[in-house]
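Have a look at the structure below, then the notes.
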Amino acid sequence: METKIIKITHITGTYTIEVPEGKLNEMKSQLDKCLNDEQGAIVVKGEDGDQFVYPADLLKNSFIAIVDRE
């Protein structure tokens, strides 16, 4: 199974979220909840313990694509 990434293109820049194997449907669900005002943000923990927060307002004003990792 190929690894996917979520590519978020916003006026402030391009952001990528690496989707762990087997978690694509969960990430899609979180995106839908953010876009429908059911969830305030997507929080992703990095490998070294860092947290990345993608607020719903950022996601609503962005172009979002799910693509294969290059």
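The values are calculated or read from the model by the stated rules, or taken from the named source; none is laboratory data. What you are looking at is a predicted structure, and each value in this text was computed from that prediction instead of being measured. A quick note on method: Cβ atoms are made from the backbone with ideal geometry, for glycine too, and the neighbour counts reach across all protein chains shown.
What the table below lists for this structure:
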quantity	calculated
Scope region 1-49; condition assigned to a strand (DSSP E or B), polar (S, T, N, Q) and more than 16 Å from N61 (Cβ to Cβ); matching residues	T16
Some residue of region 50-57 being small (G, A, S) and either exposed (fewer than 11 other Cβ atoms within 10 Å of the Cβ) or part of a loop (DSSP other than H, G, I, E, B) (or both)	no
Residue among E26, E47 that alone is at pLDDT below 95, of a type in the set (D, E) and surrounded by 10 or more Cβ atoms within 10 Å (Cβ to Cβ)	E26
Total residues in region 1-46, condition of a type in the set (D, E) and under 14 Å from R69 (Cα atoms)	3
So A41, is it of a type in the set (G, A, S), in contact with a Lys or Arg (Cβ under 9 Å, 6 or more places away or on another chain) and surrounded by 11 or more Cβ atoms within 10 Å (Cβ to Cβ)	no
Inter-residue pairs, beta-carbon under 8 Å, first among the basic types (K, R) and in region 38-67, second in a strand (DSSP E or B) and modelled with pLDDT under 95, 6+ apart	K45/Q51; K45/F52
